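Worksheet: one structure, shown below.
The values are calculated or read from the model by the stated rules, or taken from the named source; none is laboratory data. This structure is a prediction, so every number in the text was calculated from the model and none was measured. Please note: Cβ atoms are built from the backbone with ideal geometry, for glycine as well, and neighbour counts cover all protein chains shown.
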Amino acid sequence: MSPSPRVRCEDCDFAWYGATAAHGLSVVGSCPRCGGQLNFLDDDAMPAPREPLFRLRGLSPASVLGPPTRRSR
């Protein structure tokens with residue numbers, strides 16, 4: 001059984017699975033791949049997305065949060 005994504009882009013259909021990525025995307029406010037609208041699928045784990053900070057628009061979550069310190073298995 002594969003895990004369900006936490007966030008999916010409505011335009012390019014890319015999906016993110018990690019809680020850290022979902023939080024970073026809520027700060028960025030749009031898909032870092034295509035600029036599209038994000039759909040937050042895991043409402044229990046994530047607060048409602050905030051109004052995006054326009055100076056961060058287009059940045060990847062790693063640009064905001066830094067690179068991951070380790071990979072989960």
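Observations, loosely collected:
- Where residue 51 falls short, out of the listed (1) acidic (Asp, Glu); (2) farther than 14 Å from residue 6 by Cα; (3) at pLDDT below 60: (3)
- Any hit, the range 15-33, residues being modelled with pLDDT under 80 and either more than 10 Å from the chain's Cα centre (by Cα) or assigned to a strand (DSSP E or B) (or both): no
- Filtering the range 22-43 to residues that are crowded, with 19+ Cβ neighbours inside 10 Å and of a type in the set (A, V, I, L, M) leaves 22, 25, 28, 38.
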